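What follows is a single structure, written as C-alpha cells, with notes after it.
The values are calculated or read from the model by the stated rules, or taken from the named source; none is laboratory data. Not measured: the values here are computed from a predicted model. Please note: Cβ atoms are built from the backbone with ideal geometry, for glycine as well, and neighbour counts cover all protein chains shown. When the accessible area is computed, the model is the full protein with side chains, heavy atoms only, and any ligands, DNA or RNA have been set aside. Shrake-Rupley method; radii C 1.70, N 1.55, O 1.52, S 1.80 Å.
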Amino acid sequence: MNKYKDKVVLVTGASRGIGKAIANKFARQGAFVIGTATTQASADIISKNITADNFTGIGLVLNIADKLSVDEFGNKLKELDAPNILVNNAGITRDNLLMRMKDHEWEEVVNTNLSGMFRVTKLCIRSMMKQRYGRIINISSVVGLSGNSGQSNYSASKAGMLGFTRSLAIEVGSRGITVNAVAPGFISTEMTDELNDEIRDSILNQIPLARLGHPEEIANVVDFLSTDESAYITGQTISVNGGMYMG
C-alpha cells in the first residue's frame, strides 16, 4: 500500500512499544520513516525494523532533552526531505510521591516530555508552513487528563502537551497544518509486561473493556489523524483508553 507515498514521517522514540508500532504502520503504507532513539544501538534496531520488509526509512540518534542533540539532528534532517508528518512520542517517567520527589526527577521529565516536544516541533514547523501542509500528532497520556498518584511530574508534562497542541493548532491552522493529541491509557508494552499480577489486576479493574490496549490501536488513531480524511480535525485530544477515563 502506498497511502503515504512521497510523505516523510518523523517518529520520536520509535525503537519499541507505541513508537515502534507507529513507525511500522507508516512504513507499511509507503512513507519514508525517520525514527529516533537515544542510542545508536537502538537507532540501528529501528533501521532494521523498517527495512526488514523492504520498506523505506532510517533510525537516527536524538535526545530530545538535549538542545545540542536536537540541533545536530536538525543538520541531519537537512540531508533528508523535511517531514510532512511529525509524531512526538518520545518520553520518560521518573515516578515518585511529590513529598519525596527530587528536583532532578521533576526537571528531567518536564524537560524531556514537554520541552523536548517543543524543540522537535519547532525544528519541523517552518518547513511545514512553507509547504502549507503538515500533520503533527502529540502522544500524551490518560494521566494528563485524569492525574495519577506518584506521577505529578509525568501528569503535568502530559497535560502541558495538550495545551501546547491546542495553542499550536490555532497558530498554524491557516497554513494547512493540523495539530492533534492522542492520550493512550494502559497499553501492552515491554513496560507493562513487567507488572506483577496484583498491579495488573488493579489496572484492569479500572478499565471497562477489561484489557490493556495494543500499540497498534494507538498507531491506527495516529494513522487516521495523518490522513486527508481527518483534515478538518485539529486542536483535539483523542482518548484511547478502553473507557478508563471518560472526562
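Here is how the number arises for the chain: DSSP H runs of 4 or more residues each give -39500 (n - 2.57), the sum is divided by the residue count, and the result at 222 nm is -13000 deg cm²/dmol.
In terms of packing, defined here as the mean over residues of other Cβ atoms within 10 angstrom, the peptides 80-91, 57-68 line up highest first as 80-91, 57-68. Ordering 221-227, 33-39, 72-78, 166-172 by mean Cβ neighbour count within 10 Å, with the highest value first, yields 33-39, 221-227, 166-172, 72-78.
With the full set of protein chains in place, find how many percent of the accessible area of segment 24-64 is carbon and sulfur; take the probe as 1.4 Å. Numbers along the way, then the final one.
Numbers: 950 of 1820 Å².
Of the solvent-accessible surface of segment 24-64, carbon and sulfur hold 52 percent.
Placing unit charges on the Cβ atoms only, positive for Lys and Arg and negative for Asp and Glu, gives the chain a dipole magnitude near 880 debye about its Cα centre. For the chain, the longest principal axis of the C-alpha atoms and the axis of helix 40-51 are separated by about 70°. Taking 0.36 nm per residue of sequence separation and removing the Cα-Cα distance, the K78/N54 pair yields an extension gain of 6.3 nm. Relative to the longest principal axis of the Cα atoms of the chain, helix 152-172 runs at roughly 30 degrees. Over the C-alpha trace of segment 84-225, radius of gyration and Dmax come out as 16.4, 52 angstrom. Where the centre of each part is set by its Cα atoms, how far does segment 1-22 sit from segment 106-175, in angstrom? Segment 1-22 and segment 106-175 have Cα centres separated by 18 Å. For segment 1-69, the convex hull drawn through the C-alpha positions has a volume of 72 cubic angstrom per residue.
Would you mind checking the tilt of helix 17-28 against the longest principal axis of the Cα atoms of the chain, expressed as 0 to 90 degrees and rounded to 10? That works out to roughly 30 degrees.
Probing with 1.4 Å while keeping every protein chain in the model, the per residue accessible area of the chain equals 50 Å².
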